[in-house]
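Written out below as structure tokens is the structure these notes cover.
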Amino acid sequence: MPLNSGKLISIEGGEGAGKTTVFNAIRQYLGEAGLTVVGTREPGGTTVGEQIRELLLSPDHRIVPEAELLLMFASRAQLVQELIRPALAQGHVVLTDRFTDASFAYQGGGRGLPVAHIEALERDFVGIRPDLTLLLDLGVEQGMARAQSRGQALDRIEQERTDFFLRVRETYLQRAAQEPQRIVIIDASQPQDAVVRQVLTALARWMSA
Ligand code: T5A
């Protein structure tokens, strides 16, 4: 897919999947190819969104699943209107650390909220899907071990139980099976340099398709 008009690329995966390294590698690769890359993350990415992120991830609050879903979409609606649509309109590549697939995986799969509600929010308040999604797939225990190895306190969602994250992973994989053209599964259990190589190969293939 030639990148001569705005494109949206998302990176997804469970906890500790290694999104940060991959994000930086993609950004550098596309930058070296002469493209303007606007990087962002979810929840967050705007002043309002970053405050919503703090609320969502703080272990001090008990947030019911429905409120969690709506807060994720509040942050996303702000991000889409304030940053993503204008950047795409200027022909830039927007690279985001998570997007709507995360709501299907975490609030749909993990929390068990009805998929129809998430689809309605996506349709009415987001209106766009990524052109390419790189799904960093990793076993739940390996991901949690990596997240813990950062030495920081776990956030509210990271404190969930293993079965929650098993459902998250399963939902991501189901979505990848449903949309194989858009969602590319990357084996994130490999060493970092091998993960980055696999990601950049997938990206190059997509750009030349
Ligand atoms: N969320 C988000 C929802 O529930 N619904 C939604 O709609 C959205 C958008 C925040 C949380 O919000 C949830 C999902 C999340 O729980 P986040 O910002 O992605 O989302 O969460 P973070 O905590 O910032 O992300 P993580 O740290 O969990 O994942 P990363 O970024 O994938 O992990 P990273 O890159 O920091 O790596 C973790 C550690 O592993 C090492 C790294 O060096 C680091 O120490 N590592 C590796 N080690 C060995 N081999 C490799 N290949 C490695 N790759 C990384």
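Structure notes:
- Mean projection area, nm², convex hull over Cα of the chain: 10.9 nm²
- Set of the stretch 49-72 residues, backbone N closer than 13 Å to the point 7 Å along the Cα-Cβ line of Glu82: 49-54
- Packing rank of 164-174, 80-90, where each peptide gets the mean count of other beta carbons within 10 Å, highest leading: 164-174, 80-90
- The helix-only estimate of mean residue ellipticity at 222 nm for the chain, built from DSSP H runs of length n ≥ 4 each weighted as -39500 (n - 2.57), is -14500 deg cm²/dmol after division by the residue total.
- Note on Gln148 and Leu173: with the Förster distance fixed at 30 Å, the Cβ-Cβ geometry gives a FRET efficiency of about 0.80.
- Pairs of Cα atoms nearer than 8 Å and 6+ residues apart set the relative contact order; for the chain it is 34 percent.
- Relative intensity, log₁₀ I(q)/I(0), of the stretch 89-154 from a Debye sum that treats every alpha carbon as a point, q = 0.18, 0.22, 0.24, 0.25 Å⁻¹: -0.89, -1.06, -1.12, -1.15
- Convex hull per residue volume in Å³, alpha carbons only, for the stretch 92-209: 132 Å³
- Among the helices of the chain, those built from whole DSSP H runs whose Cα atoms reach 15 Å or more along their own axis and whose mean Kyte-Doolittle hydropathy is at least -1.0 are 19-32, 47-57, 65-79, 162-178, 192-208.
No lab work stands behind these numbers, since they all come straight from the coordinates. Because the structure is a prediction, the values reported are computed rather than measured. Glycine gets a Cβ as well: all are built from the backbone with ideal geometry, and neighbour counts include every protein chain shown.
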